[in-house]
1. Can you confirm whether Glu781 is in a helix (DSSP H, G or I), at pLDDT 85 or above, of a type in the set (Asp, Glu) and on the phi < 0 side of the Ramachandran plot?
2. If a residue has to be outside any loop (DSSP other than H, G, I, E, B) and either more than 25 Å from the chain's Cα centre (by Cα) or aromatic (Phe, Trp, Tyr) (or both) to count, how many in region 535-565 make the cut?
3. Looking at Val724, is it in the same structural domain as Val835 (by TED's automatic domain parsing), modelled with pLDDT under 90, in a helix (DSSP H, G or I) and of a type in the set (Val, Ile, Thr)?
4. Looking at (1) surrounded by fewer than 18 Cβ atoms within 10 Å (Cβ to Cβ); (2) at pLDDT 85 or above; (3) of a type in the set (Gly, Ala, Ser), can you tell me which one Ser252 breaks?
5. Identify all residues within region 353-369 that are farther than 12 Å from Thr324 by Cα and basic (Lys, Arg); write none if there are none.
6. Would you check which residues across region 354-400 are out of contact with any Ser or Thr (no Cβ under 9 Å at 6 or more places or on another chain), modelled with pLDDT of 90 or more and of a type in the set (S, T, N, Q) and list them?
7. Can you name every residue in region 831-845 that is under 56 Å from the mean Cα position of the chain (by Cα), of a type outside the set (Lys, Arg) and surrounded by 18 or more Cβ atoms within 10 Å (Cβ to Cβ)?
8. With within 27 Å of Met681 (Cβ to Cβ), part of a helix (DSSP H, G or I) and free of Cβ contacts under 8 Å to residues at least 40 places away in the same chain as the only criterion, which of Leu598, Leu625, Leu629 stands out?
Amino acid sequence: MQPSKNKKVEYLETFYRPSVAVQKTSAEIINEARNMLRTLRTQRPFTPREEQRKLFGSGSSRTPENRPPSTFSLHASSFESVESRPISCARLSPLEHKPKLLLSSTSEEHHIPPVKSPVDSEKIKKVSNARALLFRSASYGNLLPDKAFLPNESKRQSSEEATIGDISRSCNENCSQKLTVQLSFNDECHPLSSKEHYSKLMGEEAYQKMTHISTSCQLSSQSDQINNEESPLASQDTNEQAGPAAKLDFFSGANETEEENYWNKKILPILHELETEDNVENLCHACSALYQVLEEGNMLGKRFKGRTLFLKTLYKLVDIASDTLGLKLAKIILGLKVSGKNLLNICKLVFKISRNEKNDILIQNDNILDSLLEILRVEDLQANTEAFLYCMGAIKFISGNTRLIHEMVNKGSVEILLKLMKQINEINEGDLRFSSTGHLLVQLTATLRNLVDLPQSRCKLLEYGAIQELCLVLEKRMSDKDICINVARIFSKLSSFNDCCTALADCSRCYILFLALLNKHPKKQDLVVRIIFILGNLTAKNNEAREQFYETQGSINTLITLFQSHWEIESNSKLWKDDGEFKKLKHPSEVEDILIKLIRVIANLSIHPTVGVSLATNDQIVTLLIKILEYKSINECEELVINTTATINNLSFYQVKNSVIQEKKLHIAELLFKLLMSSNMDGILEAIRVFGNLSQHHEVCDFIIQRQVYKFMIALLDAKHPDVCFSACGVLLNLTVDKYRCTVLNEEGGIKKLIDCLRDFGPTDWQLACLICKTLWNYSESVEIAKPCFEDDESNALLVLLASLLDEELALDYSLDSDLRNYHKLYWETEFKPVAQKLLQKIQN
């Protein structure tokens, strides 16, 4: 009795049911495992771990001259003592007329009168010397006095000071850093409690630096007050006072005395220790204590007016070769909200330290991750693109640590990174920032690639619309191979999970982007294999995805082109040995891996009835599949051969006109016969399934009889594996449709083995039990009426066995869960019981 076409349609419709978010029932899982058409599984492409931590890995498409460096030298001199203003995007237009510098003033017409000096040359000389001292290169000696604050100076009202103030103001207007200081030329006017004058204790230059702490100091003059211009990063609250004494302004406001006391008691002793201590361990303890007292005193950020000198003390410690100390310095400096070049250098410092995997535990202990994420969250991307790059590079290294990655997610890194990605996506290709933000995007996507391993990360990615943003990244950065491969790795991981795969399948433009990538970079193996893997996942879990991909323009042609090109590479990659045998260097090769995953896409697409018919009638696809079976053995590349055979099985299911499978069925049967002779049970099972479809044709049945393939099928009934028995019994069932071929069951003990299978698997697999009863029924129909159907022992065994299996209370296991019990009862009543009752009656009569 041949299975009806309606029965196949039933299998087909059940299998085609689109995947849903809810968990499948036990019955659905069992039923899908027995379906004629099946999806294929394969391993996710392996990403080797980089031996060294770098901004761009060894496989980067960026040349060294076209990418920021991963190694660099960093010293205390790299930092700026006074932070510069952020670079403005505005650019001044060049002057149309360039004034000429006259070397002589003999011509009255072009004579430029000299500027008159308000004082004589001696006074100018004095001021020039003082200004030279002020702007001389900073010394890295001891910068801090023993006392926190200078005493108030007595007011001196000389005409000389007024003159000096006028000249100082004039100089300040042309000075790039716009600083003002109080200059005094009489050291005797500065009492210093129990020590000598500060200038003698610290040196003249250091004393001038000390006076920089105040952003605005006044010359002691009642009639002329100097209005100073503020340093770019100093506080605007200068708290200037006109009076008999000028005050060095560390703090301002009502709580000035309290803050001064806090400075003297808590902070100043630690700063002195940093200046004098040369033991690294003690310096690290001092830095930890310093950060704590700054945090407790609410002195982090930019509000602290002694910040410039304070930072300068920390910068000089960068030269000490200690990663532990470097991280502690970075935490304090970042806590003081540096910007510009100093922010870049401190990000480089953290990046440099994080390159050593052994420092991950130091990064975790110092909570430096908080500071790095704060940079990405609050700083301006446009003004600090390079700083963002090294900051993001350090975060990427941290995300590779399994202990730190959980901490990253808990600190909101996913939200911060997606927000940054949206900012970058707003930059168009014509923008000057497009290239530099591309380097940053490589680090960002590499970090997300690590984060998607955690379930909580994947939930946040879906919640914040990461799939749409990543698709936009692919659309804008299609030419950047590094970015494309990182995004492909992210999607490769995401598509392995049902909820993420469904969300990706719902993004309709992803199919267009994936095909565009395959067409643009067909020779980039690591990118192609991941895109193909993603498409395989999408088409395995969603019938609508199969249809959407098929209907995308050029989809099948792109698959065929990739198939042909990679098969040509693979077929030419063998080495001829002296013994006359072909042998591969490595299995599976990179090209074989692409073919494995490419064929998987075709197999999954063929489950859709419309797409399946189209592929079954496509001569190029079927021909390529047959070539693989011709030139590849299962011992050479197991997964490739098994996937190819399973794909042919899916395509052979469609008995349609112009089917290439039907045209070449005998050649395919020859290839499958070689596979049956192997010792690989998975390959044998796939070959039997194909024979189950092809044996519906008389030519293939004749081939099975002539080549004695049926004996192999009967032998497989002893495999004690229900799926193997089911497939072998399906072939025998098709053979018994013709009464002249039914006699094959008498050979090799076929009847007895069928009865044994019914006894072993009947109570747990009613589909297989039904198939065995149909095969025995066909055999009984072929026997002449005057003769008994079975031998006495066979008849007796069947009578007892069928009677027990038809007893509902004995046959159905009520200890199973309700869902599985209902499933078994349904197949027992609809499939097994009608056929078994007829067979029992026939034997009884």
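The values are calculated or read from the model by the stated rules, or taken from the named source; none is laboratory data. Just so we're clear, the structure is a prediction, and the values are computed from it rather than from any experiment. A quick note on method: Cβ atoms are made from the backbone with ideal geometry, for glycine too, and the neighbour counts reach across all protein chains shown.
1. Working: in a helix (DSSP H, G or I): yes; at pLDDT 85 or above: no; of a type in the set (Asp, Glu): yes; on the phi < 0 side of the Ramachandran plot: yes.
The answer is no for Glu781.
2. Initial filter on region 535-565 (outside any loop (DSSP other than H, G, I, E, B)): 535-541, 543-551, 555-565.
Within this subset, residues satisfying the condition of being either more than 25 Å from the chain's Cα centre (by Cα) or aromatic (Phe, Trp, Tyr) (or both) are 543-544, 546-551, 555-565.
The number of residues fulfilling the criteria is 19.
3. Working: in the same structural domain as Val835 (by TED's automatic domain parsing): yes; modelled with pLDDT under 90: yes; in a helix (DSSP H, G or I): yes; of a type in the set (Val, Ile, Thr): yes.
Spelling it out, Val724 is indeed in the same structural domain as Val835 (by TED's automatic domain parsing), modelled with pLDDT under 90, in a helix (DSSP H, G or I) and of a type in the set (Val, Ile, Thr).
4. Unmet for Ser252, out of (1) surrounded by fewer than 18 Cβ atoms within 10 Å (Cβ to Cβ); (2) at pLDDT 85 or above; (3) of a type in the set (Gly, Ala, Ser): (2).
5. The one that is farther than 12 Å from Thr324 by Cα and basic (Lys, Arg): Arg355.
6. Of everything in region 354-400, those that are out of contact with any Ser or Thr (no Cβ under 9 Å at 6 or more places or on another chain), modelled with pLDDT of 90 or more and of a type in the set (S, T, N, Q) turn out to be Ser354, Asn356, Ser371, Gln382.
7. Step one: of region 831-845, the residues under 56 Å from the mean Cα position of the chain (by Cα) are 831-835.
Those still in the list that are of a type outside the set (Lys, Arg) too: 831-832, 834-835.
Of everything in region 831-845, those that are under 56 Å from the mean Cα position of the chain (by Cα), of a type outside the set (Lys, Arg) and surrounded by 18 or more Cβ atoms within 10 Å (Cβ to Cβ) turn out to be Glu831, Phe832, Val835.
8. Values: Leu598 fails: free of Cβ contacts under 8 Å to residues at least 40 places away in the same chain; Leu629 fails: free of Cβ contacts under 8 Å to residues at least 40 places away in the same chain.
Sole residue among the options that is within 27 Å of Met681 (Cβ to Cβ), part of a helix (DSSP H, G or I) and free of Cβ contacts under 8 Å to residues at least 40 places away in the same chain: Leu625.
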